[in-house]
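Step one of this worksheet: look at the structure below.
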Amino acid sequence: MLELGKPGSTGTKGETPVLRDGVVVATLRASSWKEAATAVVGGREWIFTRRKGELTARRGVDPEHAVRFRARQTSWWKGSWAVDLEGSSVEVEKASMWKGTHRYSSGGRPVAESGSTGGWSPRPTLAVHGDLTDDQQVFLLWLELVVSRRHQAAMTAGIGAAVVGGSS
């Protein structure tokens, strides 16, 4: 299982480690104010960003317009996504609305499921059941981070609106 570690832990200054069974397999430097990140997986640099409504990934050595992985939301209401991992299609749907977890499948077969570390500062996890490369897994874990941040922002906005609306 992959999980985002605590930022700066395990000797990764200014970066968030991506752990598999407690061992660092990648690092992630995610922007705190926009949907973008730089990841290093197995010595390969990846650039994750949002472009024209899609979350995309390209290798650091690729031209700026190149896209190797992409994810686009297919239903805001259902929270579903369509992911293309260099020609491999993966569908993402909510596994639990309450927990904010997702189920990843390809051709009707499960390939991964997201989760959370729990606690006061929960961090996304990804349990893989299929054949996904480390690069693909880190991209999907970043997708989980983006979705959880969007959910948190929506919850904060809703609470703020309720407090403002109720204070008159």
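The values are calculated or read from the model by the stated rules, or taken from the named source; none is laboratory data. These figures come from a predicted structure and were not determined experimentally. Neighbour counts run over all protein chains shown; Cβ positions are idealised from the backbone, glycine included.
G118 satisfies every condition listed in (1) of a type in the set (G, A, S); (2) farther than 22 Å from V24 by Cβ; (3) at pLDDT below 80 except (2). The set of residues in the stretch 104-115 being in a strand (DSSP E or B) and surrounded by fewer than 16 Cβ atoms within 10 Å (Cβ to Cβ) consists of R109, P110. Name the residues in the stretch 90-117 that are of a type in the set (G, A, S) and either touching a Cys at 6+ places or on another chain (Cβ under 8 Å) or closer than 23 Å to A37 by Cβ (or both), would you? G100, A112, S114, G115, S116 - these are the residues of the stretch 90-117 that are of a type in the set (G, A, S) and either touching a Cys at 6+ places or on another chain (Cβ under 8 Å) or closer than 23 Å to A37 by Cβ (or both). Can we say A57 is closer than 15 Å to L145 by Cβ, in contact with a Phe, Trp or Tyr (Cβ under 6 Å, 6 or more places away or on another chain) and at pLDDT 95 or above? In short, yes. When we screen G100, G42 for residues that are at positive phi and in contact (Cβ under 8 Å) with a residue 60 or more places away in the chain, the only hit is G42.
K94 meets the conditions (1) at pLDDT 95 or above; (2) of a type in the set (D, E, K, R); (3) touching a His at 6+ places or on another chain (Cβ under 8 Å) in every case but one. The failed one is (1). Among the residues of the stretch 30-49, those identified as exposed (fewer than 15 other Cβ atoms within 10 Å of the Cβ) and closer than 19 Å to D62 by Cβ are G42, G43, R44, E45. Screening S75 on (1) in contact (Cβ under 8 Å) with a residue 12 or more places away in the chain; (2) more than 18 Å from Q152 (Cβ to Cβ) shows it passes everything except condition (1).
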